[in-house]
Each structure stands twice: as structure tokens, then as C-alpha cells.
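Visitor: Mind looking over this structure? Questions follow.
FYI, it's all coordinate maths here, none of it is from the lab. Keep in mind the model is a prediction, meaning the values are calculated, not measured. Ideal geometry is used to build each Cβ from the backbone, glycine not excepted, and the neighbour counts take in all protein chains shown.
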Amino acid sequence: MNKVVLNAEEAVKDIPDGAVLMLGGFGLCGIPENCISALVAKGVRELTCISNNAGVDDFGIGLMLKQKQVRKMISSYVGENAEFERQLLSGELEVELIPQGTLATRCLAAGYGMPAVFTPAGVGTEVAAGKETRQFNGKEYLLEMAFEADFALVKAWKGDTMGNLVFRETARNFNPLMAMAGKITIAEVEELVPAGELDPDLVHTPGIYVHRIFQGRDYQKRIEQRTVRKK
Amino acid sequence: MNKVVLNAEEAVKDIPDGAVLMLGGFGLCGIPENCISALVAKGVRELTCISNNAGVDDFGIGLMLKQKQVRKMISSYVGENAEFERQLLSGELEVELIPQGTLATRCLAAGYGMPAVFTPAGVGTEVAAGKETRQFNGKEYLLEMAFEADFALVKAWKGDTMGNLVFRETARNFNPLMAMAGKITIAEVEELVPAGELDPDLVHTPGIYVHRIFQGRDYQKRIEQRTVRKK
Amino acid sequence: MALTKEQIAARIARELREGYYVNLGIGIPTLVANYIPPGMQVVLQSENGLLGMGPFPFEGEEDPDLINAGKQTITTVPGSVFFDSAMSFGMIRAGKVDLTVLGAMEVSDSGDIANWKIPGKMVKGMGGAMDLVASARNIVVAMMHTNPKGESKLLPACTLPLTGVRCVRKVVSDLAVLDITGDGFVLRERAPGVSVEEIREKTAGRLVIPGDVPEIQV
Amino acid sequence: MALTKEQIAARIARELREGYYVNLGIGIPTLVANYIPPGMQVVLQSENGLLGMGPFPFEGEEDPDLINAGKQTITTVPGSVFFDSAMSFGMIRAGKVDLTVLGAMEVSDSGDIANWKIPGKMVKGMGGAMDLVASARNIVVAMMHTNPKGESKLLPACTLPLTGVRCVRKVVSDLAVLDITGDGFVLRERAPGVSVEEIREKTAGRLVIPGDVPEIQV
């Protein structure tokens with residue numbers, strides 16, 4: 001039951017070309033930095049990435065885009081990335097834009113064994129094109145399918161050797177949802193502790209959902225919009 | 001934003017005859033003891049109670065059954081209660097038995113604004129009678145509707161004045177789900193603390209779902225099956 | 001005199017009530033937080049997973065793990081709580097957020113809204129906007145009444161790709177406050193010194209003028 | 001010699017593998033926990049909201065907030081985690097539990113199971129059984145081969161109301177170990193000293209005997 005692997009390289013070594021990946025994070029907050037670096041180093045290609053955002057030019061998923069490792073992005077918002085825009089306009093990259101709550105809920109559905117969910121998001125818009133709709137109590141909903149992902153790459157604050165995870169502040173975002181949704185879930189953590197150190201009442205992701213875990217290193221945790229007030 | 005009410009009596013005072021209630025707890029573990037006592041004292045009748053279990057003869061929902069306050073139980077398991085059995089056989093009480101996971105998921109659906117969910121539980125059994133079924137990826141599912149409850153009565157370990165809740169051990173069970181699902185949610189807590197005392201990373205139920213909260217008292221926390229080993 | 005962006009935000013803030021849970025979009029809506037009446041407690045939701053958003057951090061106290069939906073560094077307030085994105089949109093979908101304030105490129109007189117995509121321009125995505133407009137019980141749009149060319153943004157039907165249909169309940173523009181009812185835009189208040197005639201002229205969608213229209217208190 | 005309940009549990013425990021997440025039902029299945037091979041780490045799920053169920057507490061250390069799905073007082077182990085009932089059945093439904101062991105009143109040769117209701121008797125409810133059998137990837141049933149009257153409980157079709165259809169993968173009875181395949185009950189092992197003939201006689205459902213049938217190692 002020790003799910004610990006040595007490092008990011010070992011954790012991602014069997015991710016093949018063409019894999020469907022989920023990557024946690026919102027903007028650059030709570031992204032699996034170590035896994036992304038390892039995927040860039042490994043050079044795996046033709047990836048489909050399910051991730052709320054696509055990073056920036058020189059960080060996050062942007063690093064994989066720069067190496068042309070990504071064939072398709074499934075995201076809710078993909079601004080802040082010039083290389084992304086170039087590849088999209090040139091047709092090198094495919095993008096599927098879906099509402100943020102739908103993205104989250106399709107992850108939840110996968111983790112909870114629900115094959116599909118109903119959401120009103122996108123009813124009457126181009127997002128509804130080709131989708132089944134249904135009324136409940138006079139309100140219209142879209143039927144949205146649970147995601148299927150080969151690997152989920154998530155970043156937690158703390159984790160234990162059995163794969164139990166705790167997230168910090170808004171770096172939680174999509175991470176616990178994707179952790180539940182991956183066929184294989186790889187978690188990188190800022191602090192890896194022995195089983196029994198985490199309060200069992202206060203774990204966000206039970207280890208049953210996590211297959212590999214490692215102690216991450218050299219976290220940059222970049223800030224996209226540094227907004228402050230004067231003292 | 002202070003959601004604190006004085007006590008259970010005040011918290012339940014507007015629950016009318018015929019209301020649909022959700023009551024948290026699994027067996028006698030994590031049940032809203034104070035709210036139940038107040039409902040018994042108030043004598044409100046013709047209730048529909050959505051609760052995994054129905055208490056025992058002299059505790060929990062059993063106290064309300066004894067006063068004939070309950071018209072219908074929606075539960076997954078209703079053993080351990082002779083008065084319950086008597087009322088059921090005499091036709092005074094209606095019972096709808098539904099699978100435990102379906103019960104939990106229909107609460108979740110209500111709290112997450114999902115009008116219905118698909119679950120395989122009960123496919124091919126009498127639970128499926130009259131229900132829509134649908135295949136996804138070759139597996140059959142039942143379409144189950146989100147619950148609608150007028151009031152949810154839940155018991156937490158700690159809570160703050162803004163209604164944020166933390167549960168303890170397996171007393172969590174259905175409580176956070178029902179807390180999300182009630183039109184009006186009433187939480188009783190073993191320890192009520194000022195806003196800001198709970199670690200915001202470690203709250204189980206955000207206060208947005210909770211309308212009234214009070215400091216409970218005289219908790220009995222009865223044990224149904226005391227199983228021990230010798231030292 | 002048309003309202004400034006700050007005045008639009010201040011007017012919208014008058015829609016707040018004690019104990020409201022509120023989601024504020026990017027742009028003018030964000031400014032609404034500056035005009036919460038003193039003594040009124042309102043909880044700000046940030047859909048990336050926070051209830052109880054506080055002001056920007058003091059210089060040097062930025063925390064990369066603590067951002068809002070606009071990816072800005074923020075702080076918490078006492079009673080704040082973090083959660084994942086599914087719960088965040090779950091509480092939105094379940095109608096637990098009392099008021100949602102959004103910007104818009106176009107609004108129709110039946111309450112349709114377009115605010116995410118301009119054909120021919122790079123599309124960045126809808127983020128959480130489609131979830132918010134489809135789910136929120138009470139949506140107020142903060143917007144300019146006309147575009148830079150002077151063309152009305154309050155239309156009989158949106159020309160841009162829709163974000164949501166029949167969802168906007170109120171528009172507060174630089175010129176007017178309008179409720180959207182089954183009858184179209186109902187003019188409730190006008191900016192100080194702005195005539196009903198000017199508003200009629202700049203509103204392409206169906207406009208209802210219910211007798212006397214008071215000026216917005218600024 | 002027919003197996004005792006303990007021997008049935010011990011035989012089922014041989015289906016466990018390092019790192020398995022396991023849900024054990026009430027009755028014989030609960031006993032399986034006593035036969036986990038030394039050194040093998042297996043995590044027990046209790047569907048009321050716990051991964052990492054430990055043994056009963058020492059006398060005087062019972063905690064009313066800490067019970068299993070049978071409502072018995074229990075303990076945790078290092079690495080335990082609590083969660084709500086939706087997540088509990090979510091992980092079951094998503095197939096994250098490697099092995100589920102249940103009792104049964106009847107099992108059919110196509111893998112149907114009946115274990116919750118006897119017509120004419122007070123019905124207490126299915127609890128989590130329907131969710132477990134509909135969702136678990138690998139279901140082993142622990143049961144007596146016959147009822148007290150000597151009638152087979154391994155049937156061509158269940159006579160009692162079903163708990164789930166085509167879900168049981170293996171039966172370990174007091175007489176035999178049988179896999180359920182598309183062909184029916186495939187006899188894999190027999191209790192020491194119990195003849196294939198006796199098993200054939202006491203199995204009403206379709207029985208496949210694939211050549212030599214070894215005895216169960218007890």
C-alpha cells in the first residue's frame with residue numbers, strides 16, 4: 001500500500017503518446033509543476049489535455065504547447081498564451097471550450113461513477129449544439145458525459161504514503177475532482193508524510209483514488225496577477 | 001450574517017405539519033438529537049422524513065414515530081424498531097425503501113443543482129419499477145430524481161456563527177449532504193465557535209448552505225452495537 | 001451626465017441586502033465590492049473555490065495559493081471557506097448565490113446575454129460565465145448602454161454568440177437602470193440629467209416607460 | 001467435511017491481494033478481516049464513510065462517532081480517512097473498491113443475487129447492498145450451499161426479490177468454490193472430503209465441472 005514513487009520522471013514514465021490527461025490547477029494556481037516538467041523532458045506527444053486553463057507562454061501547460069506536445073485542449077478559458085493562439089489559428093492545435101462548472105462536474109461524475117450529468121450551463125448557446133436537452137421542473141438542462149482520462153496529474157499541499165491528499169486555499173480548485181477522475185492518478189505534493197500523520201477527518205482526497213504519489217520539488221508557484229494594496 | 005438561533009425550539013418553530021424533512025445520521029450516529037427532541041415537544045405531525053434509518057424504539061426518529069408524527073419514511077434500512085414495524089403493518093405509516101447510495105446521491109444532486117442522476121443501484125430489481133432506465137457504455141442505469149426537502153436537520157461536531165460546519169469521524173455520513181439539500185437547513189453543533197475560528201481549508205459544509213445554527217446540549221450519542229475486544 | 005463605472009458599481013451595490021452571498025464578475029462588477037454599505041455583511045463568492053473573499057493583500061503578503069476567479073491575489077475574511085470547483089458550481093447551480101453581477105457585450109429585451117465571444121477574434125473561452133448565467137437566481141448586468149460607435153447594446157436580440165438565454169433580471173448601464181420583464185426593458189431610473197428620450201434613442205430593444213422615471217441617486 | 005464459517009472466511013481471504021481496497025458485508029464476510037495474510041496490507045472500506053477500518057476498540061474506548069456499516073463500534077488505522085456517504089458510494093460506483101464480499105440468500109447461475117427481502121416477512125431495507133452489487137467490479141458471495149431444509153441456494157434463477165442482476169463473480173460456500181461465468185457455476189474447488197457428486201446434487205443451478213476438482217486448502 002505504499003504508493004510513493006521516487007520523482008516526477010518515474011511517476012509519468014508510462015504515459016504514452018496520444019494519452020488523455022487531466023491536469024489540475026486554475027490559471028497557474030495549484031498546477032502539477034513537477035509532472036509538467038517531466039512530461040516536457042520526456043517529450044511525449046499528441047496529448048489531449050483536460051485542464052481549466054492552458055498555462056502561460058513560459059509556464060504550466062504552455063511549456064508543453066511550446067514543444068508541440070499537445071494535440072487537443074479541453075478547457076474553459078485559454079487566454080494569456082500567444083503560442084497557444086498561434087497553434088490554434090494555424091490548425092496545429094484543437095480546442096474544445098466548455099463551461100467551467102461543466103468541466104468540474106464532468107470530473108466529479110467520473111469520480112463518482114455517474115455516467116452523465118444534467119446541467120443548465122450552455123442551454124440555448126453554441127455549447128448545446130448536438131447535445132441532448134431535457135426539461136426538469138420547467139427548466140432546460142444539457143446532458144453532459146463524464147470524462148474519461150487515462151491519467152490525472154494533480155498537485156496537493158500535503159499527502160501521505162497511502163495517497164491521501166490535503167489541498168491548500170484556492171490551489172484546491174480542480175485537483176480533488178481530477179484526482180477522483182483519472183484511471184491512473186498521479187499526485188505531487190509539497191510535503192509527503194507517513195500514513196497516520198494526516199487527520200482522517202480533514203483529508204480532501206481519500207487515497208483510494210490516488211495511484212502514485214511523490215514529493216515534489218522546486219515549486220515556483222508563479223502569480224499571474226499580482227494585485228496588492230499599500231500598507 | 002449571524003445565523004445563530006437560541007436553541008432547538010427556536011430553530012424548528014416554523015416547521016409545519018406535513019413538512020418534508022431530511023434528518024442526518026447513520027443509525028444513531030450523528031443524528032440531530034436536539035432537533036428531534038424539539039419536534040417531539042412541538043408535536044408537529046404528518047411529516048415525511050428522509051433519513052437513512054428510523055432510529056430505535058426509544059431514541060432518534062423512533063421518538064417521533066412513538067408520537068405518530070411521521071406519515072412517511074424514506075430510508076434505506078429501518079430495522080431495530082418494533083413500533084415502526086407495528087405502524088407499518090397497520091398501514092399507519094408509509095415506507096419507501098431506497099438504496100443507501102441512491103439516497104446519498106439524491107441529496108448530493110439537490111445540493112449541487114442537478115435535477116436527476118444516473119445510478120446502477122437497483123437495476124433489474126423492484127426498485128427499478130416505474131423508473132426510466134438508460135444504457136451508457138453497455139451498462140444500465142436508473143434515472144433518480146434529486147430530493148426536495150423543506151427542512152434539513154443536521155448535526156455537526158463544530159460550527160461557526162456563519163454556518164460553516166465540521167463533522168467528526170463517521171458521524172459525518174449523510175449530514176453534509178442533507179445540509180446542502182434542504183430548502184432551509186438547520187444545524188445543531190456540539191461546539192459553536194465565532195466566525196474565523198475554523199480553518200477555512202478544513203470546513204466540510206460551507207455556511208452558504210446553512211440557514212440556522214445553534215449550540216446543542218445534553219448529547220446522549222447512544223451506541224447501538226457496542227463491540228469491543230479485551231485489553 | 002452618464003454614470004462613471006464607479007457610479008454604476010455604487011448603484012448596483014444598492015441591490016445588496018444583509019447576508020447576501022454574491023458573485024462579482026470581472027470589470028465593473030468587481031468594483032461593487034467597494035460600495036458595500038458600512039455595517040452590511042455580504043459574502044463574496046469566487047467561483048474558483050472561495051466564500052468570503054477579502055481585499056487585495058498588503059504588498060509583500062501575496063499568497064500564490066490564494067487567488068480569485070480573475071487570477072488576482074486576494075485575502076480571506078473571518079468565516080471564509082475553501083472548496084473545490086464542483087462544489088463551487090454546485091452551490092451556484094443550486095441557487096444558493098443570492099446575486100450575480102456580470103459584464104456584458106449585449107443584452108436582449110428578453111434577458112439573453114452575450115459576453116464571451118466575438119466572431120473573428122481569438123476566442124478565449126467562457127470560463128464560468130455560462131454556468132453563472134444559467135444558474136443564478138438573480139443576475140444584474142453592469143454595462144455601457146452603447147458601444148464606442150454609439151450603437152445600442154440593449155437589443156431586441158443579441159447578434160453575438162449567446163452566453164445564456166432569458167436570464168438577466170436587471171441592467172445597470174451608464175444611462176439607466178432597467179428591469180427585464182416579460183415586456184422587455186422596463187426603465188426604472190435614469191442617470192442624472194439624462195432624458196428618457198435619450199435612453200429611448202439608445203435602446204434598440206423593446207423599452208417600457210412606466211410613467212415617471214426618477215433619477216438615479218448618485 | 002463442510003467448511004465452517006471461519007473456514008469460508010479464510011478461503012475468501014485468499015482472494016485478497018496486496019493493496020486491495022475491500023468492502024466486507026455483515027456476517028461471514030466480516031470474518032474475512034481475521035484472515036488477511038500477515039504482512040499484506042489491505043484497506044477495509046465501511047460504506048458509512050470510512051477507509052481504513054481497524055479492529056473493535058478496547059473495552060472502555062468505544063467512540064459513538066466511530067462505527068461501521070453494521071453500526072458496531074470500531075477503530076481506525078494509520079492512514080484512515082473519513083468521508084460522506086455520497087463520496088463513499090461514489091468510490092464504490094466508480095469501481096475503486098477492488099473486492100466486495102457479501103452474504104446471500106440465493107445466487108443464480110447467471111450471477112443474480114437475492115439477499116434483502118423475504119416476502120411475507122418484515123422488510124428492513126436493502127441498505128447499501130444494491131449499490132454495492134450494482135457497482136463493485138469483483139463480488140464474492142459467502143454463503144451456505146443449502147438452506148436449513150437442505151434445499152439448494154445456488155439456483156437457475158432466484159426465487160426471492162433480487163438485490164442485483166448478473167453481478168456475482170464467485171461463490172464460496174461451505175461445500176465449494178465456484179466461479180460464475182457465462183456457462184453457469186464453474187466448480188473450482190470442493191470442501192475436503194466432499195464429493196463432486198454431493199455438490200452436483202446440492203446445486204440446483206447449472207453446474208460446470210471442468211475435469212479434476214481439487215480440494216480447498218484449509
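Visitor: Report for the protein assembly as shown the percent antiparallel among DSSP-assigned beta bridges with both residues inside it, nearest 5.
Guide: 40
Visitor: What residue among A:GLY25, A:GLY130, A:GLY79 shows peak mean-square fluctuation when chain A is described by a Gaussian network model with Cα springs under 10 Å?
Guide: Of A:GLY25, A:GLY130, A:GLY79, the Gaussian network model singles out A:GLY130 as fluctuating most.
Visitor: Here are some pairs, A:LYS72/D:LYS96; C:LYS71/C:LYS170; D:LYS124/D:LYS153; B:LYS155/B:LYS231; C:LYS117/C:LYS170; which of them have Cα atoms lying more than 30 Å apart in this structure?
Guide: Violating the 30 Å Cα-Cα cut-off are B:LYS155/B:LYS231.
Visitor: Oh, and also: Just the C-alpha atoms of the protein assembly as shown: what Rg/Rh do they give, with Rh taken as the Kirkwood radius?
Guide: 1.00
Visitor: Using only the Cα atoms of chain D, what are the Rg and Dmax in Å?
Guide: 17.3, 54
Visitor: Now a separate question. Can you pull the percent of Cα pairs in chain B with separation above 30 Å?
Guide: Roughly 25 percent, rounded to a whole number.
Visitor: Let me know the shape class of the range D:109-181, please: from the alpha-carbon gyration tensor, a ≥ b ≥ c as square roots of the eigenvalues, rounded when a/c is under 1.5, otherwise prolate if a/b is greater than b/c, or oblate.
Guide: It comes out oblate by the Cα gyration axes.
Visitor: Now for a different question. I need C:ILE209, A:ILE186 ordered by Cβ neighbour count within 10 Å, fewest first.
Guide: Sorted ascending by nearby Cβ count, the order is C:ILE209, A:ILE186.
Visitor: Further question on the same structure: Nm distances between the label at C:PRO78 and the same-position labels in the remaining copies, 7 Å along Cα→Cβ, shortest first?
Guide: Ordered by distance, the counterparts are at 3.9 nm.
Visitor: Let me ask you something else. Taking chain D as a Gaussian network, Cα atoms linked when under 10 Å apart, which of D:LEU178, D:LEU207, D:LEU160 shows the biggest mean-square fluctuation?
Guide: In this elastic network of chain D, the residue with the biggest mean-square fluctuation among D:LEU178, D:LEU207, D:LEU160 is D:LEU160.
Visitor: Whole Å is fine, so just give me how far the alpha carbon centre of the range D:70-89 lies from that of the range B:142-174.
Guide: A separation of 17 Å, based on Cα centres.
Visitor: Mean-square fluctuation check for chain C, GNM, Cα pairs under 10 Å: which of C:GLY120, C:GLY39, C:GLY128 is largest?
Guide: Looking only at C:GLY120, C:GLY39, C:GLY128, the largest GNM fluctuation is found for C:GLY120.
Visitor: Take the Cα gyration tensor of the range C:65-131, multiply each eigenvalue by 5, square-root it, and list the three semi-axes largest first, rounded to whole angstrom.
Guide: 26, 17, 11
Visitor: In nm to one decimal, list the spacings between the A:ASP14 label point and its equivalents in the other copies, with label points set 7 Å along Cα to Cβ, shortest first.
Guide: 5.7
Visitor: Average projected area of the Cα convex hull of the range A:131-231, in nm²?
Guide: The orientation-averaged projected area of the Cα hull of the range A:131-231 comes to 11.2 nm².
Visitor: By average Cβ neighbour count within 10 Å, what is the ranking of A:8-16, B:139-147 from highest down?
Guide: Going by the mean number of other Cβ atoms within 10 Å, highest first, we get B:139-147, A:8-16.
Visitor: Evaluate peptide A:158-170: per residue, the Cβ atoms of other protein chains within 10 Å of its Cβ; return the mean as an integer.
Guide: Whole-number average of other-chain Cβ neighbours for A:158-170 is 5.
Visitor: Of A:GLY207, B:LEU143, A:LEU153, whose Cα points farthest to the positive end of the dipole of the protein assembly as shown (charges on the beta-carbon: +1 Lys, Arg; -1 Asp, Glu; origin at the Cα centre)?
Guide: B:LEU143
Visitor: Between D:SER195 and the same site in the other copies, what are the distances in nm, shortest first, taking label points 7 Å from Cα along the C-beta direction?
Guide: 11.2
Visitor: Add -39500 (n - 2.57) for each DSSP H run of 4 or more in chain C, then divide by its residues: what number comes out at 222 nm, to the nearest 500 deg cm²/dmol?
Guide: Computed ellipticity for chain C at 222 nm equals -4000 deg cm²/dmol.
Visitor: Farthest toward the dipole's positive end in chain C, which of C:PRO214, C:MET87, C:GLY120, given Cβ charges of +1 (Lys, Arg) and -1 (Asp, Glu) about the Cα centre?
Guide: C:GLY120
Visitor: Post the alpha-carbon centroid distance, the range C:144-192 to the range A:1-73, in whole angstrom.
Guide: 43
Visitor: If you don't mind, there's one more thing I want to ask. Looking only at other chains, what is the average number of their beta-carbon atoms within 10 angstrom of each beta-carbon in B:93-100?
Guide: Across B:93-100, the average partner-chain Cβ count within 10 Å equals 5.
Visitor: Need one value for B:71-82: mean number of C-beta atoms belonging to other chains within 10 Å of its residues' C-beta atoms.
Guide: Mean partner shielding for this stretch: 3.
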